[in-house]
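> Questions regarding the structure given below will be posed in turn.
The values are calculated or read from the model by the stated rules, or taken from the named source; none is laboratory data. Just so it is clear, the model here is predicted, and its values are computed rather than measured. Because the Cβ atoms are built from the backbone with ideal geometry, glycine has one as well, and the counts that use them run over all protein chains shown. For the accessible areas, the whole protein counts, side chains as well, though only heavy atoms, and no ligand, DNA or RNA atoms are used. Shrake-Rupley method; radii C 1.70, N 1.55, O 1.52, S 1.80 Å.
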Amino acid sequence: MSHHFDSAADRADGRINPCDLYAFPGASGTTTLILTVNPDAGRSSPTTFRPGARYEFVVDSNGGTSEDIAFRITFTEPGDTGKQQVRVLRADGPAARQGTAGTSLGEGRTGEVFSITGNGLAWAGLAADPFNADGTAIGKFNQGLREGRYNPEVFTASPSNAFAGRDVTAIALQLPDAALGSTRIGLWARISLTGDGHTRQRQVSRIGQAMLRPLFFNPPDTEAELDALNAGAPATDLATHSQRVRGSPPPPA
C-alpha cells in the first residue's frame with residue numbers, strides 16, 4: 001500500500017511522511033510487517049526517526065476495521081554516532097485504539113536487529129527505497145491511451161526507476177503468526193505526535209486506507225480536510241467519506 005505527502009505535517013517533515021506498508025510471510029510460522037517513511041532520507045531530510053513521534057502497526061485480529069492490537073515504536077534523540085534507541089510496545093483491546101500505553105516487547109538501537117518478546121525480531125534504520133516507478137513509461141502509456149492506443153510495451157522497451165538510488169527509513173517487525181490473533185487480519189499504520197503546543201498525542205498521518213487521498217481528495221478543498229482524513233481510522237471511513245466517494249467524478253485517465 002503506497003502513500004506519500006498526504007498532509008501538511010508530513011510534507012514539512014519527511015520523518016513522519018509514510019511511504020509504503022508491507023505485510024508478507026517471513027520465516028516459517030512468522031509474518032513480517034514493514035513501514036517505510038521519509039521518501040528523501042539523506043537528501044532533503046534527516047536519516048533518523050523523529051523523537052516524540054509514535055509509529056504504529058495497527059491490527060484487527062479478525063480481519064475487520066476495528067483495531068484490537070497495536071505495535072507502538074518510539075525513538076530517542078540520536079546519539080553522538082547518529083544511532084537512536086528504539087522501543088517497541090504492544091497494546092491490546094481498547095487500549096490499542098488510542099493512547100500511549102502498552103507492554104514493553106523490547107529495546108534496541110537503529111541499524112541493529114534485536115529480539116522482542118514472544119520470539120520476534122525488530123529492526124529500524126536507513127534502507128534503499130523498495131518502491132519502483134517508471135515515470136517516463138507511465139507518461140507514454142497515458143499519452144497512448146489518450147490517442148486511442150494501448151501500448152504496454154513502453155514499460156519493457158527501456159525500463160527505468162525514478163526512485164533508483166533513493167533511501168527511506170524503515171521499521172520492520174517479524175512476529176509469530178499467533179501474535180496477530182488469526183490467519184486473516186486487517187492492517188494499517190499511523191503516526192502520532194506530541195509537542196507543537198499539544199499536550200496529548202495527535203494522529204497526523206496514516207497509511208492503509210483505500211487510496212482515498214489520491215482518488216477522492218485530489219486536490220482537497222482545504223488542508224483541514226487532509227488533517228481530518230489523516231486523523232481518522234478505517235472503522236469510521238465508510239460513515240465519514242462514503243458521500244464524497246459516491247459524489248466524486250472518475251479520476252482522469
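> Report, by residue number, each residue of region 142-160 that is in a loop (DSSP other than H, G, I, E, B) and in contact with a helix residue (DSSP H, G or I) (Cβ under 9 Å, 6 or more places away or on another chain).
Arg149, Tyr150, Asn151, Pro152, Ser158, Pro159, Ser160 - these are the residues of region 142-160 that are in a loop (DSSP other than H, G, I, E, B) and in contact with a helix residue (DSSP H, G or I) (Cβ under 9 Å, 6 or more places away or on another chain).
> Six or more apart or on different chains, Cβ under 6 Å: which pairs go from a residue in region 117-141 that's without any contact (Cβ under 8 Å) to a residue 24 or more places away in the chain to one that's part of a helix (DSSP H, G or I) and open to solvent by 70 Å² or more (accessible area, probe 1.4 Å)? Could you list them?
Ala137/Phe155
> State which residue is modelled with the lowest pLDDT when the search covers only region 29-55 and only residues that are of a type in the set (Ser, Thr, Tyr) and crowded, with 17+ Cβ neighbours inside 10 Å.
Among those that are of a type in the set (Ser, Thr, Tyr) and crowded, with 17+ Cβ neighbours inside 10 Å, it is Ser45.
> Inside region 93-106, can you point out the residues that are exposed (fewer than 15 other Cβ atoms within 10 Å of the Cβ) and either at pLDDT 95 or above or part of a strand (DSSP E or B) (or both)?
Thr103, Ser104
> Something else about it: Taking only region 107-142 into account, find how many residues are touching a Leu at 6+ places or on another chain (Cβ under 6 Å) and crowded, with 16+ Cβ neighbours inside 10 Å.
Here the count works out to 3.
> Check Arg54, Arg72, Arg50 and return the single one that is out of contact with any Gly (no Cβ under 8 Å at 6 or more places or on another chain), outside any loop (DSSP other than H, G, I, E, B) and closer than 21 Å to Val204 by Cβ.
Arg54
> Sort through Leu187, Leu173 and tell me the only one that's part of a strand (DSSP E or B), modelled with pLDDT of 90 or more and open to solvent by 30 Å² or more (accessible area, probe 1.4 Å).
Step by step, each of Leu187, Leu173 is checked, and only Leu187 is part of a strand (DSSP E or B), modelled with pLDDT of 90 or more and open to solvent by 30 Å² or more (accessible area, probe 1.4 Å).
> With the requirement that a residue be of a type outside the set (Gly, Ala, Ser) and surrounded by 14 or more Cβ atoms within 10 Å (Cβ to Cβ), what does region 156-170 give you?
Phe163, Arg166, Asp167, Val168, Thr169 - these are the residues of region 156-170 that are of a type outside the set (Gly, Ala, Ser) and surrounded by 14 or more Cβ atoms within 10 Å (Cβ to Cβ).
> Let me ask something else about it. Under 8 Å between Cβ atoms, which residue pairs at least 6 apart in sequence (or on different chains) link something in region 144-158 that is in contact (Cβ under 8 Å) with a residue 24 or more places away in the chain with a partner that is assigned to a loop (DSSP other than H, G, I, E, B)?
Leu145/Ala253; Arg146/Ala253
> When the residues of region 209-233 are filtered to those that are within 22 Å of Ile69 (Cβ to Cβ) and modelled with pLDDT of 85 or more, which remaining residue is surrounded by the fewest Cβ atoms within 10 Å (Cβ to Cβ)?
Going through the qualifying residues, I end up with Ala231.
> List the residue pairs whose Cβ atoms are under 8 Å apart, where the first residue sits in region 232-253 and is under 15 Å from Pro214 (Cα atoms) and outside any helix (DSSP H, G or I), the second is at pLDDT 75 or above and open to solvent by 80 Å² or more (accessible area, probe 1.4 Å), and the two are 6 or more positions apart or on different chains.
Ala253/Arg146
> Considering only residues that are in a loop (DSSP other than H, G, I, E, B) and open to solvent by 20 Å² or more (accessible area, probe 1.4 Å), look in region 14-28 and name the one that is farthest from Ala133 (Cα to Cα).
Of everything passing the filter in region 14-28, Ser28 is farthest from Ala133 (Cα to Cα).
> For residues that are modelled with pLDDT under 90 and not β-branched (Val, Ile, Thr), tally how many sit in region 190-201.
6
> Looking at this structure, is Glu77 open to solvent by 30 Å² or more (accessible area, probe 1.4 Å), charged (D, E, K, R) and over 15 Å from the mean Cα position of the chain (by Cα)?
yes
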